[in-house]
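The values are calculated or read from the model by the stated rules, or taken from the named source; none is laboratory data. All values reported here derive from a predicted model rather than from experimental measurement. Counting neighbours? That spans all protein chains shown, and the Cβs are built from the backbone with ideal geometry, glycine included. Note: accessible area is taken over every heavy atom of the protein model, side chains too, but ligands, DNA and RNA are not part of it. Shrake-Rupley method; radii C 1.70, N 1.55, O 1.52, S 1.80 Å.
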Amino acid sequence: MGRKRCVGADCSKMAAGCCGVKKQKLSGSPGSGGPGGVGAGSGVAGTGHCGSELGIGSSATVAATANVSRANGLGGPGGNVSGSSGGTNALSPAPAGYSTSGLSPNLSPGPGSGSGGRKMVVSAEMCCFCFDVLYLFMSFVVFFPLFVTWKIGRDKRLRGCIGTFSAMNLHSGLREYTLTSALKDSRFPPMTRDELPRLFCSVSLLTNFEDVGDYLDWEVGVHGIRIEFFNEKGSKRTATYLPEVAKEQGWDHIQTIDSLLRKGGYKAPITNDFRKTIKLTRYRSEKMTMGYAEYIAHRQHHHYQNGIGHPVPSYNHYS
């Protein structure tokens, strides 16, 4: 079975959803792919002015491409796709200075507030944020295709997942798709701040893209796949699943392919002859997952470890 590396613009042509579908009635097939591990790399950490740290798995740098293709899962509903577990369910009360109704601080008169008692909006944390942005920009000068996935609640229901197959600078890519996946995934309403303490965030960096000649030439639990096909009207359609999806759903190769076809909008009966017309690209990913409680603990740990006197940015917690 011949295969070739997928490089450059070829890797950015496809725009399709990443993960998370409701269980469907899928055609059966003999045998199923065995489970496998996800490629992992060493951590690259950058500690900002306020002690925040963002750890990203690293591997060989992928050449950047000029155009960014968003993959937002159109054509498929959201469902349960659990990432690696992270965090605890115990969330601490809201820190002093922050209201229990949201993330906005309880502003009080400060220097220069005048006799009118004007409440100050500016804070030291804004300067800290600027240092963090600059430090991380200088630290993450590597390029990867990437996805940001949000899940919510104890059962880790999918809440948003959008990414790109074009290699992006990690600083700008993570910043863009953090907000895009949280606020602009068309399958879900935009997130609200009330949901924040129940969220889990996963970052997936995509690597090792390979075009394969056989639509069965990939391993369940190891490879993500993206497919290109022509629907019954002759239009080219695409769809993708990240490496963990098929294993978490308990699908074999045929069930995964058929689910992707339906997700990509193919409505006609699926035959084996039609499956053979699919162009399939397989890839791997490096994945890291963190819950909100873990995030708070992580920031506090590195903050005090660095001997910084003022508190870390305070966020409201809900039970």
Exercise. Check segment 121-142 and report whether any residue there is under 23 Å from Tyr241 (Cα atoms) and either crowded, with 16+ Cβ neighbours inside 10 Å or under 10 Å from the mean Cα position of the chain (by Cα) (or both).
Key: no
Quiz item: Any idea how many residues of segment 267-295 are closer than 18 Å to Leu216 by Cβ and not charged (D, E, K, R)?
Solution: 9
Self-check item: Residue satisfying condition, being touching a residue at least 12 places away in the same chain (Cβ under 8 Å) and at positive phi, within set Gly153, Gly163, Gly117
Solution: Gly153
Quiz item: Restricting attention to segment 236-278, which residues are open to solvent by less than 10 Å² (accessible area, probe 1.4 Å) and within 21 Å of Ser202 (Cα to Cα)?
Solution: Ala239, Thr240, Tyr241, Leu242, Pro243, Val245, Ala246
Quiz item: Has segment 180-202 got at least one residue that is crowded, with 23+ Cβ neighbours inside 10 Å and either closer than 19 Å to Lys276 by Cβ or of a type in the set (Asp, Glu) (or both)?
Solution: yes
Quiz item: Out of all the residues in segment 262-271, which are over 22 Å from the mean Cα position of the chain (by Cα) and either assigned to a helix (DSSP H, G or I) or closer than 12 Å to Thr240 by Cβ (or both)?
Solution: Arg262
Self-check item: Boolean, Glu228 is at pLDDT below 95 and surrounded by fewer than 23 Cβ atoms within 10 Å (Cβ to Cβ)
Solution: no
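To keep it simple, each residue is scored yes or no on (1) among the β-branched types (Val, Ile, Thr); (2) assigned to a strand (DSSP E or B); (3) modelled with pLDDT of 95 or more.
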{"site": "Ile254", "(1), (2), (3)": "yes, no, yes"}
{"site": "Asp258", "(1), (2), (3)": "no, no, yes"}
{"site": "Phe274", "(1), (2), (3)": "no, no, yes"}
{"site": "Arg282", "(1), (2), (3)": "no, yes, yes"}
{"site": "His301", "(1), (2), (3)": "no, no, no"}
{"site": "Pro311", "(1), (2), (3)": "no, no, no"}
{"site": "Ser314", "(1), (2), (3)": "no, no, no"}
{"site": "Tyr318", "(1), (2), (3)": "no, no, no"}
